[in-house]
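Here is the structure we will look at, set down as structure tokens.
The values are calculated or read from the model by the stated rules, or taken from the named source; none is laboratory data. Because the structure is predicted, anything quoted here is derived from the model rather than measured. Positions of Cβ are generated from backbone atoms using ideal geometry, with glycine treated the same way; all protein chains shown enter the neighbour counts. With ligands, DNA and RNA removed, areas are computed over all heavy atoms of the protein, side chains included. Shrake-Rupley method; radii C 1.70, N 1.55, O 1.52, S 1.80 Å.
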There are 4 protein chains.
Amino acid sequence: MEAFSDGVIAVAITLLVLDIKVPPQHAGESLLHQLLHDWPHYAAYVVSFMTIGIIWINHHAMIGRLARADHSILILNLLLLMSIVLLPFATELMAAYLQSPAGESLAAGLYSGAFLLMSVLFTVLNRHILLERAHMLRTELPLEERRRILSRAITGLAPYLIATILAVLSPYITLAICAAVAVFYALPVASGGNPAS
Amino acid sequence: MEAFSDGVIAVAITLLVLDIKVPPQHAGESLLHQLLHDWPHYAAYVVSFMTIGIIWINHHAMIGRLARADHSILILNLLLLMSIVLLPFATELMAAYLQSPAGESLAAGLYSGAFLLMSVLFTVLNRHILLERAHMLRTELPLEERRRILSRAITGLAPYLIATILAVLSPYITLAICAAVAVFYALPVASGGNPAS
Amino acid sequence: MEAFSDGVIAVAITLLVLDIKVPPQHAGESLLHQLLHDWPHYAAYVVSFMTIGIIWINHHAMIGRLARADHSILILNLLLLMSIVLLPFATELMAAYLQSPAGESLAAGLYSGAFLLMSVLFTVLNRHILLERAHMLRTELPLEERRRILSRAITGLAPYLIATILAVLSPYITLAICAAVAVFYALPVASGGNPAS
Amino acid sequence: MEAFSDGVIAVAITLLVLDIKVPPQHAGESLLHQLLHDWPHYAAYVVSFMTIGIIWINHHAMIGRLARADHSILILNLLLLMSIVLLPFATELMAAYLQSPAGESLAAGLYSGAFLLMSVLFTVLNRHILLERAHMLRTELPLEERRRILSRAITGLAPYLIATILAVLSPYITLAICAAVAVFYALPVASGGNPAS
């Protein structure tokens, strides 16, 4: 399961680059101007790349705790992967509409909403493993420790929920919150924590 | 063989996201309206993702039974992978034509037809392994058990055959049957069964 | 090296599906007619998929003989992968121009020329391993056996050379030869042989 | 970490082929003329493919020295992968603008600038591993040896820095330097050295 999940996440994170388009050559505008105008695509690329990367780190840790997997774990994992694979689309949507007069709030809401969906599915799978399939863990973990992991995971959902709601006010706030979450979990102090746990 | 097959299936399942296009910005329609209009793409994405995911689970189980592989197994496996890699195309075709005045039955028939082809090739490979190459299995399986696996596999072809035929009546019936198959095999009770076995 | 090569070949073989485009919906022609008109894309997909798949089988066997790899092997392997990754482009080029009034011979020649290049690079790497780096083989092979593998490999170049030359006469001959090579190596009798060995 | 990094680099190197487009058929120009006109795309493909390939060789060596990885290594590795995944975009940008009357210097500067960024991030991660996380190495290395690896790495940054600056004069100089770097590290004598070390 790990090799397949690694493969899917590796392809999804790499497909993000397809969202960054080479500016057309006959546009009458200088290349520099066009590249600067496309800044939302670079910003969204960085935020999404780091977020998917951190998800991979956490996914790796979650799956690494398992000695084996049953059908229910495989199916919940598929649902999680399905939400991760959507992220290149959500990223392009957000970047394309960030400076549009209409639709930018919806696009930003769907962007952080996609992160929220992924985080919820990650937490559901993590909860299923830690509480329902604890006998499949490689090493026995005390119930208290397992609950601690999960409550931290549920706390981690809050920023994406807030970012999705605040998209109504401004898509820039949404992007900023998503960026802040990625930076936070990349910091040394957050080692062990993660956007989806 | 397993690493290569995992890689191919992982890329194919991830390429499904390329079928979901960001709506053009200057279309005069609201983003929400355009996204809602594109619902066949999301439905087809979910159905195809879960189906390929379940195929991966079953492929993993089938290959995991083998201690080694010969040329005939490798070639039959390639034919199976060739049908799996076609699925992103079949998915986009079905989604694009689902609301078209013409061609929607053909597109839907090709969609479930692609699943049928994949299931037939899966069954052919499984039969070859279980009956012709039983001496290459990791653990000896009684003939009765091997026949049971195969007869369940052949039964599993029926829904896709029916879905392909009923595409003449309505592409929605076809999509619904394909979705139902994916849901059925994702359920805990179906553990061990699969759309291609 | 094996995991990386497997990954590159798995992605390249899967990208072949991007060459098969969903026909545009407002073309005034029936979907069936458009799909039938696109037959060169399906034919080229099948031929290229099987050829890359057989190359993978042979690459796997070639690398599997090695106990370790040095810089020269890694670089020659990169050159081989570079030629394999070109195949989705060569495939689309051939399919797109197969029914064009002009350019179809050049496109077909480049198609089999890409297979020829790949086969030559495969043979160069195989020769380097078997003759210059024989001390890195997992199991010692008698010189006679190593020469036999190589002479079979060199013989395998002939069909692609002929297919490339005959592209001047007709692109269909070229495609037919490439297809015949793939079928030949897929047959049980060819087990152990391969289009690039 | 190695399997995931291998996967990302394998996908990124394969996506380079998407930069090579099949010429449109109704262009009034012969296919040969159009293909020759697209030479910057082939040149950029070869240079980028070999450079990413050599980076993979070096990445493999760097990660192979580690017995385990902590959060800081994983995050620095993600940043490095993020710069590698940008290369298909930078490659297409450079190729598309190489013969454009305007923007060609900026595009070439961004191309070698992307290689420079990747090399800097590689060196930062290598330095972090060799100096700050030396206790995580599989085999203890004398400080002198570790410093030697790093100083060679820092020297390796110079060509890309020069290529980026000289883009102001001519994009062809930039491409030539990048090509020369790839050729240099592919030569047997450079075994052990690399564009990013």
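Close amide H partners of B:LEU66, meaning residues 5 or more places away or on another chain with modelled amide H under 5 Å apart, are B:ARG138.
Percent of C-alpha pairs per 10 Å bin in the protein assembly as shown, short distances first: 2, 13, 23, 28, 22, 10, 2, 0.
Among the protein heavy atoms, those of D:ARG147 account for about 150 Å² of accessible surface (1.4 Å probe, every chain in place). For region A:77-152, a/c is not less than 1.5, where a ≥ b ≥ c are the root eigenvalues of the C-alpha gyration tensor, and a/b tops b/c. That puts it in the prolate class. Ligands, DNA and RNA aside, C:SER151 has an accessible area near 60 Å² when probed at 1.4 Å. Sorted from nearest, the other copies put their A:VAL124 label points 3.7, 3.7, 5.2 nm away, the label point being 7 Å from Cα in the direction of Cβ.
Quick one: label points 7 angstrom along Cα→Cβ at C:GLU29, distances to the other copies in nm, smallest first? So the distances to the same position in the other copies read 2.6, 2.6, 3.6 nm. Working from Cα pairs under 8 Å separated by at least six residues, relative contact order for region B:97-168 is 51 percent. Contact order, relative form, for chain A: 26 percent (alpha carbon pairs under 8 Å, 6 or more residues apart, mean separation divided by residue count). Can you check what the net charge comes to around D:ILE129, using other residues whose Cβ is under 12 Å from the Cβ of D:ILE129 (Lys, Arg +1; Asp, Glu -1)? Net charge around D:ILE129: +4.
Within the shell of other residues whose beta carbon sits under 13 angstrom from the beta carbon of B:ILE149, the net charge comes to +4, with Lys and Arg scored +1 and Asp and Glu -1. Each Lys or Arg adds one and each Asp or Glu takes one away; over the other residues whose Cβ falls under 11 Å from the Cβ of C:PRO40, this sums to -4.
With a 1.4 angstrom probe, the accessible area lost at the A-B interface totals about 2600 Å². Comparing Cα centroids, region D:144-192 and region C:107-121 end up 32 angstrom apart.
Shown for region C:1-62: the carbon plus sulfur share of the solvent-accessible area, taken with all protein chains present and a 1.4 angstrom probe, equals 67%. Each copy carries a label point for A:ALA61 at 7 Å from Cα along the beta-carbon vector; from one copy to the others these points are 3.2, 3.2, 4.6 nm apart, nearest first.
Please give every one of the aspartates and glutamates within straight-line cross-link reach of A:LYS21, meaning a C-alpha to C-alpha distance under 14 Å, and leave out same-chain neighbours fewer than 8 residues apart. List returned: A:ASP38, A:GLU92, D:ASP19, D:GLU92. If you sort B:PHE89, D:PHE122 by accessible surface, 1.4 Å probe, largest first, the order is B:PHE89, D:PHE122. Helix-only arithmetic for the protein assembly as shown: the sum of -39500 (n - 2.57) across DSSP H runs with n ≥ 4, divided by the residue total, places the mean residue ellipticity at 222 nm at -22500 deg cm²/dmol.
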